[in-house]
Amino acid sequence: MQFSTEILEQLQLAVGRENVLTAKEDLISYSFDGTAAMQQMPGCVVFARATEEVAAILKLAHQTRTAVVTRGSGTGLSGGSLPSPQCVVLCTVKMNRILELDRANLTMWVEPGVTTLQVADAASAAGLFYPPDPGSMRISTIGGNVAENSGGLRGLKYGITRNYVMGLEVVLPNGEIMRTGNKCVKDVAGYSLKDLFIGSEGTLGVMTKVLLRLIPKPQAKKTMVATFAQMDHAAEAVSAIIAAQIIPCTLEFLDRMTIHCVEDYAKIGLPLDCEALLLMETDGHPAAVAEEAAQMERICREQGCLEVRVAKDDAEATKLASARRTAFSALARVAPTTILEDATVPRSELAKMIRFVAAVARKYQLKIGTFGHMGDGNLHPTFLTDERNKDEMHRVEEAFKEIFDEAIRLGGTITGEHGVGLAKKSILPKFAGDAQMRVMRELRRVLDPNGILNPGKMFD
Amino acid sequence: MHCGLCLPTCPTYDATKLERNSPRGRIALMRAIADDRLEPTRAFADEMYFCLGCLACMTACPAGVNYAELFEHARAEAEASGVLDSPKRSLLRNFTLRWLFMDLNRLQGVGLALRLYQRLGLQSFVRRSGVLKLLPRRLRELEAMMPSVQSHFSADLIEPVTPASGKRRFRVALLTGCAQDLIFSGVNRDTVEVLARNGCEVVTPPEQSCCGSLHAHNGEWELAQQLARKQIDQFPPDEYDAIVTNAAGCGSHLKHYAKLLHDDPVYHRRAELWDAKVRDIHEWLTHIGLEPPASNRLPVQRVTYHEACHLCHGQKITAQPRQILRAIPNLKLVELPESTWCCGSAGIYNLIQPEMAAELLDRKLEHIRSTGAEVVATGNPGCLLQIINGAKRQGMALRVVHPITLLAEAYRQEGSV
Ligand SMILES: Cc1cc2nc3c(=O)[nH]c(=O)nc-3n(C[C@H](O)[C@H](O)[C@H](O)COP(=O)(O)OP(=O)(O)OC[C@H]3O[C@@H](n4cnc5c(N)ncnc54)[C@H](O)[C@@H]3O)c2cc1C
Ligand code: SF4
């Protein structure tokens with residue numbers, strides 16, 4: 001089916017000919033995001049460079065009831081920016097300016113296509129700190145981060161993207177431009193609408209500017225690696241650290257499979273002879289850092305760890321964190337299709353969850369690598385499979401169902417940070433319950449009566 | 001896996017922000033062709049030639065996707081499909097790939113002609129005469145980019161066998177290359193001297209052939225295979241401790257003959273041994289333990305190091321050249337920002353994609369300028385040429401040299417202390 005030429009002409013008028021792509025080679029290049037085994041050709045791809053252009057595009061889409069899927073860098077892991085059939089892909093990567101860094105108020109205004117790394121670097125250059133650091137930070141966009149409410153390696157102490165968004169400029173599905181939030185620390189004038197858009201997965205509006213909160217850079221940090229002979233020992237060590245009222249900035253977990261894949265790529269000398277590895281980092285005042293590090297080391301030893309290694313300098317610490325960020329991609333060294341989950345449980349239930357995941361993998365005879373933000377109770381069990389093997393893909397699905405059920409039973413959630421998108425759409429109703437589903441549907445209908453934004457995602 | 005972690009390291013994606021100009025997009029196109037969702041179209045072929053082949057994505061890719069191989073296959077596929085064919089292009093390809101670079105004598109013949117053009121004053125005459133103004137702009141630019149052909153080819157400068165100075169520890173072959181031989185034969189002489197100084201007997205037959213990297217990168221598999229066999233015959237790998245190359249682009253191709261000759265029952269095994277013996281000069285010298293030049297009277301020089309793509313991404317050699325530069329007395333090495341970002345030379349890329357190449361060159365020169373270095377060292381003839389031309393165009397006082405030349409100069413000074 002050919003995309004409507006009339007709409008194409010209008011789009012070209014709005015953003016310029018060179019910013020509207022229709023060649024098959026381009027459509028193929030935008031027919032997927034970071035999610036495995038999902039593909040859909042869009043009708044066209046449009047690059048906006050300013051709020052007004054986004055507004056014009058949405059107005060047109062609203063009038064013509066054309067589906068629009070907003071896309072940052074397409075690293076999402078739940079199919080959020082996967083095109084819907086014949087949609088306009090609205091790509092934000094050319095809106096990539098840092099607009100203002102306000103040292104007096106510790107804030108930064110950015111356009112949505114700025115990468116997370118650019119934000120972190122700009123903050124750092126001003127002696128400040130932007131903590132959210134998803135594994136994809138070198139390329140993921142701030143717009144995508146806000147839309148998915150992304151976490152990172154520092155969630156335990158510093159929280160997630162939501163905790164750093166002070167304001168938004170959003171284009172609503174009818175083309176109206178709305179600002180919500182501001183530089184004030186306190187603001188209770190009306191509903192906190194900005195919070196509604198954080199984690200909205202491109203279904204309620206298109207963010208065109210983001211006001212970010214920055215904090216002072218911690219003076220010191222210490223990074224350590226502890227290894228364990230059993231996975232649940234690592235989980236228990238994490239629970240013990242938190243029970244001892246220590247909140248390090250990072251407590252990341254890798255299992256044997258993941259350690260081997262990461263080391264195979266990064267070659268930084270990770271210890272290979274263990275079942276689990278914890279990457280731990282504490283930061284803050286030098287005295288507090290030294291004390292916390294010593295305590296964490298002691299607790300790990302008490303929990304029977306094999307070895308604790310302290311990074312000798314910043315360079316080594318950075319290498320360790322960078323290597324950890326490659327975990328998901330590195331697992332693809334083992335199998336062509338890597339399907340990862342995002343189950344999250346209260347931290348006290350971690351050891352149970354880890355044992356359960358291992359048992360499920362055994363039951364369904366699946367190859368698995370598990371890593372995750374252990375300090376956040378957020379695990380990424382990743383099945384290593386091949387999408388062409390129908391039988392195995394079926395077993396993967398069955399295994400996931402069990403994992404979700406168990407996560408919910410333990411008081412957890414079906415997705416901690418990757419979002420619902422298409423991947424979790426079918427299980428959201430069960431998790432959210434009737435009342436939440438009704439409110440969410442009605443909210444979406446009010447904002448997007450014609451159902452043009454990311455249709456088919458999250459829920460129908 | 002389509003995680004996108006390669007995108008920020010891709011120079012073409014960085015420039016255009018278009019997914020099809022990224023490794024992830026290109027791989028998706030290749031896959032679409034493999035799955036019969038796309039024909040090898042003209043746009044596909046163009047895309048494969050817009051890619052620099054710098055392989056930065058391979059350094060970035062945690063999943064270990066072998067882009068180099070995919071890319072060479074894709075170019076071969078594009079060639080086979082004929083979508084790029086035009087009489088002019090076929091003529092050019094036939095002349096360069098099928099004729100010129102298949103035989104060193106021809107290459108040297110053309111080199112001689114160019115040398116005459118330059119030496120007899122013809123070039124400056126032509127340039128002054130204004131005749132060039134009559135040429136299309138593109139040709140004029142090409143004329144300006146034309147490298148100065150050296151007054152001696154490698155064979156005039158180097159004996160077929162150079163004994164090790166002092167005790168012989170190793171016996172190595174040096175591949176003199178084609179571009180290197182024509183334009184930078186001095187680097188070959190320097191390499192021989194440095195090897196000999198470090199206990200290597202160096203075998204350098206005067207008649208050598210092209211390694212075939214140009215052919216493989218441009219979709220000419222069979223010619224590349226022919227040339228590989230020729231190399232293996234000329235340098236039986238079991239007769240040498242190492243087969244040394246000083247051109248990064250050649251090295252990263254030379255190390256993969258086994259893949260290239262995979263289906264060749266006669267050559268495959270020898271190719272495996274060959275691959276194991278091929279060493280980049282920096283790699284080999286640090287491996288055998290380089291003898292640092294004695295402190296000398298060389299003036300203090302501030303040097304920065306540009307990493308040739310096919311050294312740092314293609315062969316993962318990053319520490320060794322720096323180690324060598326640091327071993328040189330009175331040399332202060334200053335790090336180059338974005339040292340691993342392509343300079344735009346990329347084989348013959350600067351000829352076929354002049355705009356993108358110029359953009360990358362400007363970016364590179366800007367960073368070089370920011371270091372305050374008066375010398376930039378780099379281990380690949382293509383990069384040397386590209387940066388020399390750029391510096392000339394911008395009127396920058398910059399010496400552009402191979403690291404081994406700096407090392408050889410330091411050794412030469414030793415005696416005079
Ligand atoms: C290797 C790897 C590691 C990862 N690590 C983490 C991690 O540690 N933590 C984590 O939380 N996630 C992680 N992710 C997932 C992913 O990177 C994040 O979800 C990221 O925020 C997506 O950003 P993006 O720019 O790629 O957005 P896209 O994938 O392009 O889009 C994601 C969603 O956001 C919407 N969207 C994008 N821009 C806008 C906008 N301006 N306005 C409204 N909606 C918009 C899209 O419609 C879509 O629904 C990882 C992914 C990979 C591949
Ligand atoms: S080539 Fe590697 S880094 Fe790039 S998208 Fe594919 S898996 Fe990710």
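The values are calculated or read from the model by the stated rules, or taken from the named source; none is laboratory data. Because the structure is predicted, anything quoted here is derived from the model rather than measured. Here the Cβ positions follow ideal geometry from the backbone for every residue, glycine too, while neighbour counts run over all protein chains shown.
Among the numbered conditions (1) within 28 Å of residue A:3 (Cα to Cα); (2) of a type in the set (A, V, I, L, M, F, W, C); (3) in a helix (DSSP H, G or I), tell me where residue A:117 comes up short.
Every listed condition holds for residue A:117 apart from (1).
Give the number of residues within region A:86-100 that are modelled with pLDDT of 95 or more and over 27 Å from residue B:5 (Cβ atoms). First the steps, then the outcome.
So the first thing to find is which residues in region A:86-100 are modelled with pLDDT of 95 or more, and the list is A:87-100.
Remaining after also requiring over 27 Å from residue B:5 (Cβ atoms): A:100.
Residues flagged as modelled with pLDDT of 95 or more and over 27 Å from residue B:5 (Cβ atoms) within region A:86-100 amount to 1.
For the subset of region A:177-228 comprising residues that are of a type in the set (Gly, Ala, Ser), in contact (Cβ under 8 Å) with a residue 40 or more places away in the chain and away from ligand 1 (no atom under 14 Å from the Cβ), which member is surrounded by the fewest Cβ atoms within 10 Å (Cβ to Cβ)?
Restricting attention to region A:177-228, the residues satisfying the condition of being of a type in the set (Gly, Ala, Ser) are A:181, A:189-190, A:192, A:199-200, A:202, A:205, A:220, A:226.
Filter again for in contact (Cβ under 8 Å) with a residue 40 or more places away in the chain, leaving A:199-200, A:202, A:205, A:220, A:226.
Checking which are away from ligand 1 (no atom under 14 Å from the Cβ) leaves us with A:220, A:226.
Values: A:220: 14, A:226: 26.
Going through the qualifying residues, I end up with A:220.
Can you tell me which residue is farthest from the chain's Cα centre (by Cα) among those in region A:340-374 that are touching a residue at least 40 places away in the same chain (Cβ under 8 Å) and assigned to a loop (DSSP other than H, G, I, E, B)?
Among those that are touching a residue at least 40 places away in the same chain (Cβ under 8 Å) and assigned to a loop (DSSP other than H, G, I, E, B), it is A:367.
Hey, can you tell me all the residues within region B:1-24 that are surrounded by 24 or more Cβ atoms within 10 Å (Cβ to Cβ), part of a helix (DSSP H, G or I) and facing chain A (nearest Cβ under 7 Å)?
Within region B:1-24, B:7, B:19, B:20 qualify.
Out of all the residues in region A:18-34, which are facing chain B (nearest Cβ under 7 Å) and either on the phi > 0 side of the Ramachandran plot or crowded, with 20+ Cβ neighbours inside 10 Å (or both)? Walk me through how you get there before you give the answer.
In the first step, residues of region A:18-34 are kept if they are facing chain B (nearest Cβ under 7 Å); the result is A:23-26, A:28-30, A:32, A:34.
Selection gives A:25, A:26, A:28, A:29, A:30, A:32, A:34.
Could you list, in sequence order, the residues of region B:29-46 that are under 15 Å from residue A:31 (Cα atoms) and more than 28 Å from the chain's Cα centre (by Cα)?
Going residue by residue through region B:29-46, those that are under 15 Å from residue A:31 (Cα atoms) are B:29-33, B:35, B:37-38.
Selection gives B:31, B:32, B:33, B:35, B:37, B:38.
Consider region B:21-42. How many of its residues are under 15 Å from residue B:71 (Cα atoms) and more than 16 Å from ligand 1 (Cβ to nearest atom)?
Within region B:21-42, the first condition is being under 15 Å from residue B:71 (Cα atoms), and the residues that meet it are B:21-34, B:40.
Subset that is more than 16 Å from ligand 1 (Cβ to nearest atom): B:21, B:26, B:29-34, B:40.
Total meeting the criteria: 9.
One residue is enough: does region A:259-280 have a residue meeting the conditions assigned to a helix (DSSP H, G or I), touching a strand residue (DSSP E or B) at 6+ places or on another chain (Cβ under 6 Å), within 14 Å of chain B (Cβ to nearest Cβ) and not charged (D, E, K, R)? Spell out the reasoning first.
Step one: list which residues in region A:259-280 are assigned to a helix (DSSP H, G or I), which gives A:259-266.
In the following step, the residues that additionally are touching a strand residue (DSSP E or B) at 6+ places or on another chain (Cβ under 6 Å) were identified as A:259.
Right, trim to within 14 Å of chain B (Cβ to nearest Cβ) and you get A:259.
Next cut, not charged (D, E, K, R) only: A:259.
Checking region A:259-280: at least one residue is assigned to a helix (DSSP H, G or I), touching a strand residue (DSSP E or B) at 6+ places or on another chain (Cβ under 6 Å), within 14 Å of chain B (Cβ to nearest Cβ) and not charged (D, E, K, R).
Would you check if there is a residue in region A:50-64 being of a type outside the set (D, E, K, R) and within 14 Å of chain B (Cβ to nearest Cβ)?
Residues of region A:50-64 of a type outside the set (D, E, K, R): A:50-51, A:54-58, A:60-64.
Still in the list and also within 14 Å of chain B (Cβ to nearest Cβ): none.
Checked region A:50-64: no residue is of a type outside the set (D, E, K, R) and within 14 Å of chain B (Cβ to nearest Cβ).
Please go through region A:100-114 and pick out each residue that is closer than 27 Å to residue A:90 by Cα and part of a loop (DSSP other than H, G, I, E, B).
Of everything in region A:100-114, those that are closer than 27 Å to residue A:90 by Cα and part of a loop (DSSP other than H, G, I, E, B) turn out to be A:111, A:112, A:113, A:114.
Tally the residues that are in a loop (DSSP other than H, G, I, E, B), farther than 17 Å from residue B:346 by Cβ and away from ligand 1 (no atom under 16 Å from the Cβ), restricting the search to region B:43-81. Walk me through how you get there before you give the answer.
Applying the first criterion (in a loop (DSSP other than H, G, I, E, B)) to region B:43-81 yields B:51-55, B:61-66.
Going one step further and asking which of them are farther than 17 Å from residue B:346 by Cβ, we end up with B:61-66.
Those still in the list that are away from ligand 1 (no atom under 16 Å from the Cβ) too: B:66.
So the count comes out to 1.
Does region A:277-287 contain any residue that is among the polar types (S, T, N, Q) and assigned by TED's automatic domain parsing to the domain that holds residue A:177?
Quick first cut of region A:277-287, residues among the polar types (S, T, N, Q) only: A:282.
If we keep only those that are assigned by TED's automatic domain parsing to the domain that holds residue A:177 too, we end up with none.
No, region A:277-287 contains no residue that is among the polar types (S, T, N, Q) and assigned by TED's automatic domain parsing to the domain that holds residue A:177.
Give the residues of region A:134-161 that are modelled with pLDDT of 95 or more, of a type outside the set (Gly, Ala, Ser) and touching a helix residue (DSSP H, G or I) at 6+ places or on another chain (Cβ under 7 Å), sorted by residue number.
A:134, A:137, A:138, A:139, A:142, A:145, A:146, A:149, A:161
Among the residues of region B:31-42, which ones are more than 10 Å from chain A (Cβ to nearest Cβ) and assigned to a helix (DSSP H, G or I)?
If the condition is that a residue be more than 10 Å from chain A (Cβ to nearest Cβ) and assigned to a helix (DSSP H, G or I), then B:34 is the only one that fits.
Determine whether region A:121-128 contains at least one residue that is within 13 Å of ligand 1 (Cβ to nearest atom) and not in a helix (DSSP H, G or I).
In the first step, residues of region A:121-128 are kept if they are within 13 Å of ligand 1 (Cβ to nearest atom); the result is none.
Within region A:121-128, none of the residues are within 13 Å of ligand 1 (Cβ to nearest atom) and not in a helix (DSSP H, G or I).
Go through region A:64-91 and count every residue that is not basic (Lys, Arg) and not in a loop (DSSP other than H, G, I, E, B). Break it down stepwise before answering.
We begin by selecting, within region A:64-91, every residue not basic (Lys, Arg); these are A:64, A:66-70, A:72-91.
Now drop any that are not not in a loop (DSSP other than H, G, I, E, B), which leaves A:64, A:68-70, A:88-91.
Result for region A:64-91: 8.
Name the residue, out of A:60, A:101, A:82, A:77, that is in contact with a Ser or Thr (Cβ under 9 Å, 6 or more places away or on another chain) and closer than 18 Å to residue A:171 by Cα. Explain how you work it out, then say what you get.
Working: A:101 fails: closer than 18 Å to residue A:171 by Cα; A:82 fails: closer than 18 Å to residue A:171 by Cα; A:77 fails: closer than 18 Å to residue A:171 by Cα.
After applying the criteria, what remains is A:60.
Among the residues that make up region A:160-176, is at least one of them within 14 Å of chain B (Cβ to nearest Cβ), more than 16 Å from ligand 2 (Cβ to nearest atom), in a loop (DSSP other than H, G, I, E, B) and not charged (D, E, K, R)? Spell out the reasoning first.
Applying the first criterion (within 14 Å of chain B (Cβ to nearest Cβ)) to region A:160-176 yields none.
Scanning region A:160-176, I find no residue that is within 14 Å of chain B (Cβ to nearest Cβ), more than 16 Å from ligand 2 (Cβ to nearest atom), in a loop (DSSP other than H, G, I, E, B) and not charged (D, E, K, R), so the answer is no.
Take region A:436-454 and flag every residue that is part of a helix (DSSP H, G or I) and within 17 Å of residue A:55 (Cβ to Cβ).
We begin by selecting, within region A:436-454, every residue part of a helix (DSSP H, G or I); these are A:436-447.
Correct list: A:447 only.
Which condition number in (1) in a helix (DSSP H, G or I); (2) of a type in the set (A, V, I, L, M, F, W, C); (3) in contact with a Leu (Cβ under 8 Å, 6 or more places away or on another chain) is the one that residue A:61 fails?
(3)
If a residue has to be facing chain B (nearest Cβ under 10 Å) and either on the phi < 0 side of the Ramachandran plot or hydrophobic (A, V, I, L, M, F, W, C) (or both) to count, how many in region A:73-91 make the cut? Before you say what the answer is, go through the steps one by one.
Residues of region A:73-91 that are facing chain B (nearest Cβ under 10 Å), as a first pass: A:73-77, A:89, A:91.
Right, trim to either on the phi < 0 side of the Ramachandran plot or hydrophobic (A, V, I, L, M, F, W, C) (or both) and you get A:73, A:75-77, A:89, A:91.
Number of matching residues: 6.
Residue check: is residue A:98 of a type outside the set (Lys, Arg) and crowded, with 23+ Cβ neighbours inside 10 Å?
Working: of a type outside the set (Lys, Arg): yes; crowded, with 23+ Cβ neighbours inside 10 Å: no.
When the stated conditions are applied, residue A:98 does not pass them.
Condition first: surrounded by fewer than 24 Cβ atoms within 10 Å (Cβ to Cβ) and at negative phi. Now tell me which residues in region A:229-245 satisfy that. Break it down stepwise before answering.
The first filter runs over region A:229-245 and keeps only residues surrounded by fewer than 24 Cβ atoms within 10 Å (Cβ to Cβ), leaving A:229-233, A:236, A:239-240, A:242-245.
A:229, A:230, A:231, A:232, A:233, A:236, A:239, A:240, A:242, A:243, A:244 - these are the residues of region A:229-245 that are surrounded by fewer than 24 Cβ atoms within 10 Å (Cβ to Cβ) and at negative phi.
Kindly indicate which of B:39, B:19, B:77 is of a type in the set (D, E, K, R) and within 11 Å of ligand 2 (Cβ to nearest atom). Working first, answer last.
Numbers: B:39 fails: within 11 Å of ligand 2 (Cβ to nearest atom); B:77 fails: within 11 Å of ligand 2 (Cβ to nearest atom).
Result of the check over B:39, B:19, B:77: B:19.
Report yes if some residue within region A:218-225 is among the basic types (Lys, Arg) and part of a loop (DSSP other than H, G, I, E, B); otherwise report no.
Taking region A:218-225 and keeping what is among the basic types (Lys, Arg), we get A:221-222.
Still in the list and also part of a loop (DSSP other than H, G, I, E, B): none.
No.
Identify all residues within region A:281-332 that are in a helix (DSSP H, G or I), surrounded by fewer than 21 Cβ atoms within 10 Å (Cβ to Cβ) and among the basic types (Lys, Arg); write none if there are none.
Selection gives A:298, A:301, A:319.
Restricting the search to region A:1-15, which residues are in contact with a helix residue (DSSP H, G or I) (Cβ under 9 Å, 6 or more places away or on another chain) and away from every other protein chain (no Cβ under 14 Å)? Step through it out loud before you land on a result.
Start the filter on region A:1-15 by keeping residues that are in contact with a helix residue (DSSP H, G or I) (Cβ under 9 Å, 6 or more places away or on another chain), which leaves A:4, A:6-7, A:10-15.
Hits for region A:1-15 are A:4, A:6, A:7, A:10, A:11, A:12, A:13, A:14.
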